[in-house]
1. Could you let me know the centre-to-centre spacing of the stretch 270-334 and the stretch 115-178, using Cα atoms, in angstrom?
2. Once the piece of chain linking residue 337 and residue 386 is laid out straight, how much longer is it, given 0.36 nm per residue of separation minus the C-alpha distance between them?
3. How about the stretch 111-176: which chymotrypsin sites (Phe, Trp or Tyr not before Pro) there lie in a loop by DSSP and see at most 16 other Cβ atoms within 10 Å?
4. When only C-alpha pairs under 8 Å and at least 6 residues apart count, what is the relative contact order of the chain, in percent?
5. If exposed means no more than 14 neighbouring beta carbons inside 10 Å and the site is in a DSSP loop, what's the longest run of the chain without any exposed GluC sites (Glu not before Pro)?
6. Using 29 Å as the Cα-Cα cut-off, could you pick out the over-long pairs in 34/134; 298/333; 2/78; 2/86?
7. Assuming R0 = 45 Å, can you tell me the calculated FRET efficiency for the pair residue 229 and residue 287, based on Cβ-Cβ distance, to the nearest 0.05?
8. As an exercise, use a Förster radius of 60 Å and the Cβ-Cβ distance of residue 322 and residue 113 to find the FRET efficiency, rounded to the nearest 0.05.
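Read-outs: derived from the displayed coordinates by stated rules, not from any lab. A quick note: this is a predicted structure, and the numbers were derived from the prediction, not measured. Glycine gets a Cβ as well: all are built from the backbone with ideal geometry, and neighbour counts include every protein chain shown.
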Amino acid sequence: MKALEGVRVLDMTHVQSGPSATQLLAWLGADVVKLESTTGDITRQQLRDVPGVDSLYFTMLNCNKRSITLNMKSERGKEIFTELVKTADVLVENFGPGAVDRMGFTWERLQELNPRLVYASIKGFGPGRYRAFKAYEVIAQAMGGSMTTTGFEDGPPLATGAQIGDSGTGIHAVAGILAALYQRQTTNRGQRVQVAMQHAVLNLCRVKLRDQQRLAHGPLREYPNKTFNDEVPRSGNASGGGQPGWAVRCAPGGPNDYIYVIVQPVGWKPISEIIGRPELADDPEWATPEARLPKLDKMFQLIEEWTIRHDKWTVLDRLNAANVPCGPILSTKELIEDESLREEGMVVTVDHPERGEFFTVGSPLQLSDSPVDVRTSPLLGEHNQEIYGELGVSADELAELKTNGVI
Ligand code: COA
C-alpha cells in the first residue's frame, strides 16, 4: 500500500515544472497517466545524448508514469478525453495560458464532467498583468526575486542552478493538490488549484523581502556590502541570515575546492583553535559575534588561511569534529558518485527499455509506510492499449485511431 494508492492523475504536463510535480505524485503511489500529443512531450527529444532514445531530460522527470497519446484537437480525441476526465481524481497541466480552455475544456466544463476532480494548473504568473505571458525557469527567477539577490555586488544578476522556478513550483503544486484531495474527503467536491512560477520563487525568496523592509531601519550589518541604497543588494556567498557564513577556498584550489563555513557564537573558540589562532577566542576584538560583525571578511580570510592548506574533506572532518556547521561544495560528479546518497536512495539506477541503465535523483520525500520504488519513464504511447482498453476501445478502433492521427 502506498500513500496515494487509488488516486488517478491525468497528467497533461510537459517540460519540467509540471512533470516534476506528477513524478512526486507517482512516487507517493498515485497512478499517473501522462497524456501526450502524438509527437510527445517536447523534452523527449531535447538535449538528447543517445540518438533516437528518450533524453535524460525526459526520463529523469517522468519515472513511474504510464503514457498515452491523444490528439486533443480532434473531435474523437475530445470525446475520449471526456471519458478519461470522468475516471480521474486529479488533472494537472502546465501549458501556456488558456491552452486547455481552447481545447474546449474550461473549469466549468470539467466540473460538469467530474465534480470530484481536482484541477491543477501551473502557469508562469498569477491572474494580474502578466497573466498571458509564457514562462521558463530563469524568467521566474528573474521576476520572483532570485536573480536580483544572486551574484556579487559588482557583477550582473545571476541565475541559480537549482530549478526553483520549475521544480520549485512543482513541489508547491503537489502541496496544493494534496490539500485539495484531503479537503475533498469532507466536501466530496474537487477544486481548482493554481500555482504560478513567479509566486513560488517569491515564496522561496521570502527572507529577501524581510531584508527589504529591514533596510528602512539602516544597513544590513550581516551583509558584507559596504554601502546600501534602497534595494537589497547582491551579497555573494554571505548567508545574510542570523549566523554568518562564507565559502572559503581549500587545497588544491580547483573550481569546487571550497567549503561553506558557518560561524555560530559557540563555534568561534573551536575554530580559532583549529586555524591555529587560539588567542583570538578571548581577544575582545574577536571574541563576540558583535565584535566580529563589522569584519566578517577579515574573519573568513583568517579561516581561509587555514582551509587553503587542506582538502575540503579534511576540513569537513576537522570542523564537524568540533561541531562547526560546514559543507564542502560538491560537484555534480561527486554527487552522482556519493556513496551515502546512493545508500539513502537519493541517487538511484533505473533500467530503461531503450537506453539501458541511467542514474536519476530519487524521492526526497521519505515516508515510513509508503516506500518509493523508482521505475522507468514510459515510452511514448506505451500504455495506449492498456488505458484505452479500460475505456472499452476495441483493438480495431485503436488501430483506426492510430491511422487517423487521434492517438
Ligand atoms: N493534442 C493537441 N494539441 C496539444 C496537445 C495534445 N495532446 N497538448 C498540447 N497541445 C497544444 C495546445 O493545445 C497548445 O496549442 P494552442 O496554443 O494552439 O492552443 C500547444 O500545444 C501548447 O502550447 P504551449 O504550452 O503554450 O507550448 P509552447 O511550447 O508554446 O510553450 C511553455 C511552452 C513552457 C512556455 C508554456 O507551456 C508555458 O508557459 N507553460 C506554463 C509555464 C511553465 O510551466 N513553464 C515551465 C516549463 S518547464
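1. Each part's Cα centre sits 35 Å from the other's.
2. Working: separation 49, 0.36 × 49 = 17.64 nm, distance 3.75 nm.
Between residue 337 and residue 386, full extension yields an extra 13.9 nm.
3. Values: sites: 119, 125, 130, 133, 136, 152; in loops: 125, 130, 133, 136, 152.
In loop regions of the stretch 111-176 (DSSP not H, G, I, E or B), the sparsely surrounded chymotrypsin sites (Phe, Trp or Tyr not before Pro) are 130, 133, 136, 152.
4. Values: 715 pairs, mean separation 75.6, N = 407.
Computed value for the chain: 19 percent relative contact order.
5. Working: sites that count: 5, 153, 231, 285, 344, 354.
In the chain, the maximal stretch lacking such sites is 6-152.
6. Numbers: 34/134 22 Å; 298/333 32 Å; 2/78 32 Å; 2/86 23 Å.
Violating the 29 Å Cα-Cα cut-off are 298/333; 2/78.
7. Efficiency at R0 = 45 Å is approximately 0.85.
8. Values: r = 62 Å, r/R0 = 1.04.
Efficiency computed from Cβ-Cβ geometry: 0.45.
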